[in-house]
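Everything below concerns the one structure shown next.
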Amino acid sequence: MSRIAAKFAALKAEGRGALIPFLEAYDPDPATSMAILRGMPGAGADLIEIGVPFTDPMADGPIIQLAGQRGLKAGATLAGTLAMVRDFRAEDDATPVILMGYLNPILSYGADRFVTDAAASGVDGLIVVDMPPEEAEVLAPAAQAAGMDIIRLVAPTTDDARLPLVLNASSGFVYYVAITGITGTRSADPEALRAAIPRIRAHTDLPIAIGFGVRTPEQAGFAAKVADGAVVASALIDTLAKSLDEQGRARPDSVRKVLDQVRALAAAVRG
């Protein structure tokens, strides 16, 4: 059983959903992002999503776009992101880690080489935003053979004809995009979620995590109850960004502020 499957099974036995916080690699510098990553499990993260900085992040709103720019300015690369995971795995062999990014950096790195290095580094799952099931042969078969889950995005606009195709190509969990549009621009509508999640469950036994519109502890708690997990990204990145000094550098309390927010989210999910 993969780390992702084992984690969701354990949480189901506990009778609760998962908290999946997000950080952008190297934002605003390698040491700060590494400190946030290391601190997340102790703050209540059940799984962790790491964004791979990219110059053209089509699904990301301004908050995560700026985080990616800070990460790139600090020297982020795909290899550097994998090194973060390796360093994290030296201390934590239990918390699932998912990389979220885009196909171009993977192709530039070399898809086969990337799969080998990602699996060896301890990556458990991949969210490749711009890789639809119809074009996934470049990466998905090798990744799944190496034991990594390919986590698909399902949107409010994914109709009943397309939904089975997307879900049949998914593993690990299903990432439900709670809003139409880019990340961090508005909150999810609770009634829309109540209607959407049963429609997805009718087609899959995989856990469902809700993201793209989850910002507050209350929203995270609701998402983890109506589905199986809550992904919180832009709200955490926003907290980090607001903690930086005038030159965009981390202050002594930057890491603490982000981890305190993770604790509040975790308390709501567990509540």
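Among the residues that make up region 168-177, is at least one of them at pLDDT 95 or above, within 25 Å of Thr55 (Cβ to Cβ) and not in a loop (DSSP other than H, G, I, E, B)?
yes
Considering each residue of region 153-179, count those that are touching a strand residue (DSSP E or B) at 6+ places or on another chain (Cβ under 8 Å) and either closer than 15 Å to Ile20 by Cβ or among the polar types (S, T, N, Q) (or both), and give that number.
Counting residues in region 153-179 that are touching a strand residue (DSSP E or B) at 6+ places or on another chain (Cβ under 8 Å) and either closer than 15 Å to Ile20 by Cβ or among the polar types (S, T, N, Q) (or both) gives 10.
Within region 104-161, track down each residue that is of a type in the set (D, E, K, R) and either part of a helix (DSSP H, G or I) or surrounded by fewer than 19 Cβ atoms within 10 Å (Cβ to Cβ) (or both). Full working, then the answer.
Within region 104-161, the subset of a type in the set (D, E, K, R) is 112-113, 117, 124, 130, 134-135, 137, 149, 152, 159-160.
Once the filter is applied, which keeps residues that are of a type in the set (D, E, K, R) and either part of a helix (DSSP H, G or I) or surrounded by fewer than 19 Cβ atoms within 10 Å (Cβ to Cβ) (or both), region 104-161 yields Asp112, Arg113, Asp117, Asp130, Glu134, Glu135, Glu137, Asp159, Asp160.
Being outside any helix (DSSP H, G or I), touching a residue at least 12 places away in the same chain (Cβ under 8 Å) and of a type outside the set (Asp, Glu) is the filter here, so list the residues in region 1-42 that pass it.
To start, the set of residues in region 1-42 that are outside any helix (DSSP H, G or I) comprises 1-2, 15-29.
Cutting the leftovers down to touching a residue at least 12 places away in the same chain (Cβ under 8 Å) gives us 2, 16-29.
Matches in region 1-42: Ser2, Arg16, Gly17, Ala18, Leu19, Ile20, Pro21, Phe22, Leu23, Ala25, Tyr26, Pro28.
Condition first: buried (at least 19 other Cβ atoms within 10 Å of the Cβ) and either in contact (Cβ under 8 Å) with a residue 24 or more places away in the chain or over 19 Å from Ala43 (Cα atoms) (or both). Can you find one or more residues in region 198-205 that meet it? Can you show your working first?
Here is the first cut: in region 198-205, the ones buried (at least 19 other Cβ atoms within 10 Å of the Cβ) are none.
Taking every residue of region 198-205 in turn, none turns out to be buried (at least 19 other Cβ atoms within 10 Å of the Cβ) and either in contact (Cβ under 8 Å) with a residue 24 or more places away in the chain or over 19 Å from Ala43 (Cα atoms) (or both).
For region 218-245: of the residues being in a helix (DSSP H, G or I) and free of Cβ contacts under 8 Å to residues at least 24 places away in the same chain, which is nearest to Met40 (Cα to Cα)?
Out of the qualifying residues, it is Thr239.
Just one of Ala241, Ala227 is within 20 Å of Gly271 (Cβ to Cβ) and in contact with a helix residue (DSSP H, G or I) (Cβ under 8 Å, 6 or more places away or on another chain); which is it? Quick ask: steps written out before the conclusion?
Details: Ala241 fails: within 20 Å of Gly271 (Cβ to Cβ).
None of the others qualify; the one that does is Ala227.
Is region 141-158 home to any residue that is of a type in the set (S, T, N, Q), under 20 Å from the mean Cα position of the chain (by Cα) and closer than 25 Å to Ala119 by Cβ?
yes
Just checking, which of Arg199, Arg194, Arg186, Arg215 is part of a loop (DSSP other than H, G, I, E, B), modelled with pLDDT under 95 and over 25 Å from Thr32 (Cβ atoms)?
Testing whether each residue is part of a loop (DSSP other than H, G, I, E, B), modelled with pLDDT under 95 and over 25 Å from Thr32 (Cβ atoms) leaves just Arg186.
Kindly indicate the residue of region 68-86 that is over 18 Å from Pro28 (Cβ atoms) and not basic (Lys, Arg) and also surrounded by the fewest Cβ atoms within 10 Å (Cβ to Cβ) among those meeting that condition. Spell out the reasoning first.
So the first thing to find is which residues in region 68-86 are over 18 Å from Pro28 (Cβ atoms), and the list is 78-79, 82, 85-86.
Checking which are not basic (Lys, Arg) leaves us with 78-79, 82, 85.
Working: Leu78: 20, Ala79: 13, Leu82: 22, Val85: 21.
The residue in question is Ala79.
Quick one: how many residues across region 43-71 are in contact (Cβ under 8 Å) with a residue 60 or more places away in the chain and either part of a helix (DSSP H, G or I) or more than 28 Å from Pro207 (Cβ to Cβ) (or both)?
The total comes to 7.
The values are calculated or read from the model by the stated rules, or taken from the named source; none is laboratory data. All figures in this text were calculated on a predicted structure; none of them were measured in a lab. Glycine gets a Cβ as well: all are built from the backbone with ideal geometry, and neighbour counts include every protein chain shown.
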